[in-house]
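J.: Dropping the structure in here first, questions after.
The values are calculated or read from the model by the stated rules, or taken from the named source; none is laboratory data. Just so you know, these numbers come straight off a predicted model, no measurement behind them. Here Cβ is always computed from backbone atoms with ideal geometry, including for glycine, and neighbour counts include all displayed protein chains. Heads up: the accessible areas ignore ligands, DNA and RNA and are worked out on the full protein's heavy atoms, side chains in. Shrake-Rupley method; radii C 1.70, N 1.55, O 1.52, S 1.80 Å.
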Amino acid sequence: MKIVIAGAGIGGLTAAMCLKRAGFDVEVFEAVGELRPLGVGINIQAGAVRILADLGLEQALAATAIETRELRYANRHGQTIWADPRGRHAGLPWPQFSIHRGELQMILLRAAEKRLGPGRIKFGRRIAAVEQKGNTVTARFVDGGGKAAETAEADILIGADGIHSAVRAQFYPDEGPPKWQGILMWRGVTVGKPFLDGATMVQAGHHNQKFVCYPISRAHAERGEALINWICDLHMGEGALLAREDWNRPGKLADFLPRFENWKFDWLDVPGVIRAAHAIYEFPMVDRDPLPRWSHGRVTLLGDAAHPMYPIGSNGASQAILDGEAITQELLAGADPEAALQRYEQRRLPPTARIVESNRRKGIDVMLDIVEQRAPQGFSKLESVMPTDELAQIVADYKKLAAQDRETLLSLAARQ
């Protein structure tokens, strides 16, 4: 069975390797002319690391990433609200990794090129149209200048072409731009001193003003430093969404640093970390409404093309990786490709839609807002502000929603 994947991002490359290992003939087309190690930090949840480890990539990930020990939630005064052990530190069979997105992209690309074989990943090929006739899917690709470049025929096409997916747009031409609720994000990477235990991810503040940070480089840690990935979120009020061309543009300190100037904790100087970044990028926090269906005949969607979500709970990349495993398993389970894609959709669309909706309601981060509302000046005893059982329930509910709870993951481990 021939499978064409449009998009060589995290989800597309993971799916390609899963499918190739299962015996399918796989070809990947990527819009950019060359994949480069760009971007900032990203977290890969233990449940997704399980799949990458099964592909033989855990050693490569561990060589460059930080194995996340803990996820800590704090108020805007730096006081701890909840500290949650992660990965193996939580007794799971796999780690959680904090890694530079570019490093992850290159690990996946090198592995996929080796497994798929020469010439099976083609660059400078943006999907422009999909046609279905009988049992054949025909995909038409254009080059960087928009000129017709190549046509590929397959039994199945997977649109893994991101939040601005052309495959999605073909089936939903009136959907419009991504949804924005008024939050802008500024992101950067700073070389600094290790904070806390050197392997902790922190989310501090509340919905309207939040600071996220975590170390992402093992090499820096071995030198006694920390390569700190950080994000500043600010609610700017409702208004028009920035034009796509302005996404990921250089950020200006004056636009957001004054709001964080007093965030100097005993464990981290937030404004100091921000100022020391070698570059800062600004873009809107966006998602899209869940779709009624992903699969149309022998064409389906995967990753951000299927379920773009707010970066709450570190789920975007991890859910795309889970998609790759699921679609492979369903194609192996039955000979009818269209039925397999329907089963894949039935398996993955409902849980990812629930995550999208939960993240719009602040997801696990709701604890930050509750503490801010109840104790805006901070607290001397957390239990008097938010009882431990209330916090634990929020955490447990979200983990269960995202299939990252201990029971689900240990059950998966037992089947392997």
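J.: Could you tell me what % of all Cα pairs in segment 137-223 have separations over 20 Å? Write out the running numbers ahead of the final one.
T.: Values: 2374 of 3741 pairs.
It works out to 63 percent of all Cα pairs.
J.: Find which of Ala60, Ala90, Ala74 sits farthest along the positive direction of the dipole of segment 27-95, computed with +1 on the beta-carbon of Lys and Arg, -1 on that of Asp and Glu, about the Cα centre.
T.: It is Ala74, whose Cα lies furthest towards the positive end.
J.: Given N residues in segment 74-208, what is its alpha carbon radius of gyration divided by 2.2 N^0.38 Å? Walk me through the intermediate numbers first.
T.: Numbers: Rg = 21.6 Å, N = 135, 2.2 N^0.38 = 14.2 Å.
After normalising by residue count via 2.2 N^0.38 Å, the value is 1.53.
J.: Also, quick follow-up: Summing Lys, Arg as +1 and Asp, Glu as -1, what charge do residues with Cβ under 10 Å from the Cβ of Leu184 carry, Leu184 excluded? Numbers along the way, then the final one.
T.: On the way: positive: none; negative: Asp233, Asp255, Glu282.
Net of charged neighbours comes to -3.
J.: Which of Asn359, Pro387, Leu410 sits closest to the plus end of the dipole of segment 332-416, meaning its Cα is farthest towards the positive end, when Lys and Arg get +1 and Asp and Glu get -1 on the C-beta?
T.: Result: Leu410, furthest along the dipole toward the positive end.
J.: A follow-up question, please. Quick one: Karplus J couplings for segment 397-404, per residue in order, coefficients 6.51, -1.76, 1.60, θ = phi - 60°, nearest Hz, x for Gly and Pro?
T.: 3J(HN,Hα) across segment 397-404, in whole Hz: 5, 6, 4, 5, 4, 8, 6, 10.
J.: Students sometimes get this wrong: rank Arg354, Arg415 by accessible area, probe 1.4 Å, all chains present, largest first.
T.: Details: Arg354 125, Arg415 180 Å².
Largest accessible area first, the residues go Arg415, Arg354.
J.: Within a Cβ distance under 10 Å of Met201, other residues only, what is the Lys/Arg minus Asp/Glu net charge? Display every interim value, and only then the final one.
T.: Working: positive: Arg69, Arg72, Arg86; negative: Glu70, Asp84.
Value of the local net charge: +1.
J.: Given Cα positions, please report Rg to Rh for the chain, the hydrodynamic radius being the Kirkwood one.
T.: Working: Rg = 21.3 Å, Rh = 22.1 Å.
Rounded to two decimals, Rg over Rh is 0.96.
J.: I would also like to ask the following. Quick one: length gained pulling Ala335 to Ala129 fully straight, 0.36 nm per residue minus the C-alpha distance? Provide the component values of the computation, followed by the final result.
T.: Values: separation 206, 0.36 × 206 = 74.16 nm, distance 2.61 nm.
Gain in length upon complete extension: 71.6 nm.
J.: Taking H as built 1.01 Å from N, whose amide H comes closer than 5 Å to the amide H of Val40, not counting residues under 5 places away?
T.: Distant-sequence amide H within range of Val40: Arg101, Gly102.
J.: Using only the alpha-carbon atoms, how far is helix 101-116 inclined from the longest principal axis of the chain? Give it as 0 to 90 degrees, nearest 10.
T.: 30
J.: Viscosity 0.890 mPa s, temperature 25 °C: Stokes-Einstein D of segment 315-416 from its Kirkwood Cα radius, in µm² per second? Write out the running numbers ahead of the final one.
T.: Details: Rh = 16.1 Å.
Translational diffusion coefficient: 152 µm²/s.
J.: May I pose another question? If you count only protein heavy atoms and use a 1.4 Å probe, how large is the accessible surface of Glu150, to the nearest 10 Å²?
T.: Counting only protein heavy atoms, the figure is 50 Å².
J.: Straight-line reach from Lys114: which lysines have Cα under 17 Å away, leaving out those fewer than 8 places along the same chain?
T.: Straight-line reach from Lys114, under 17 Å: Lys20, Lys122.
J.: For the chain, with only Lys/Arg (+1) and Asp/Glu (-1) charged at the beta-carbon, what is the dipole magnitude about the Cα centre, in debye rounded to 20? Mind dumping the intermediate values first?
T.: Values: 50 positive and 50 negative charges, 92 e Å.
Roughly 440 debye, rounded to the nearest 20.
J.: So what is the orientation-averaged projected area of segment 3-92, using the convex hull of its C-alpha atoms, in nm²?
T.: Working: hull surface 32.6 nm².
Hull-based average projected area comes out at 8.1 nm².
J.: Let me spell out the model: positive unit charges on the Cβ of Lys and Arg, negative unit charges on the Cβ of Asp and Glu, origin at the Cα centre of segment 282-414. What dipole size does that give, in debye rounded to 20?
T.: On the way: 15 positive and 20 negative charges, 27 e Å.
With Lys and Arg at +1 and Asp and Glu at -1, about 140 debye.
J.: Test of understanding: express the Cα radius of gyration of segment 78-123 as a ratio to 2.2 N^0.38 Å, with N the residue count. Don't jump to the answer; show the numbers that get you there.
T.: Values: Rg = 17.2 Å, N = 46, 2.2 N^0.38 = 9.4 Å.
My calculation over the Cα atoms of segment 78-123 gives 1.83.
J.: With θ set to phi - 60°, apply the Karplus curve 6.51 cos²θ - 1.76 cosθ + 1.60 along segment 55-67 and write out the HN-Hα couplings as whole Hz, x wherever there is a Gly or Pro.
T.: Karplus-based 3J(HN,Hα) across segment 55-67 equals 8, x, 9, 4, 4, 5, 5, 5, 5, 10, 8, 9, 7 Hz.
J.: Spelling out what I want: for every residue of segment 358-372, take phi, set θ = phi - 60°, compute 6.51 cos²θ - 1.76 cosθ + 1.60 (Karplus), and round to whole Hz; glycine and proline get x.
T.: Per residue, the Karplus-derived 3J(HN,Hα) values read 5, 5, 5, 8, 5, x, 5, 5, 4, 4, 5, 5, 4, 5, 4 Hz.
J.: Something else: Could you tally the net charge around Met1, taking each other residue with its Cβ under 13 Å from the Cβ of Met1, Lys/Arg +1 and Asp/Glu -1?
T.: -4
J.: I would also like to ask the following. Which of Ala154, Gly119, Trp186 sits farthest toward the positive end of the charge dipole of segment 118-196, with +1 on the Cβ of Lys and Arg and -1 on the Cβ of Asp and Glu?
T.: Trp186
J.: Can you list residues whose amide H is under 5 Å from His206's amide H, if they're 5+ apart or on another chain and H is modeled 1.01 Å from N?
T.: So His206 has HN proximity to Phe211.
J.: Which value, in debye to the nearest 20, describes the size of the charge dipole of segment 66-199 about its Cα centre when Lys and Arg Cβ atoms bear +1, Asp and Glu Cβ atoms bear -1, and nothing else is charged? Present the calculation step by step, with values, prior to reporting the outcome.
T.: On the way: 20 positive and 14 negative charges, 73 e Å.
Computed charge dipole of segment 66-199: roughly 360 debye.
J.: What's the angle, to the nearest 10 degrees (0 to 90), between helix 316-333's Cα axis and the longest principal axis of the chain?
T.: 30
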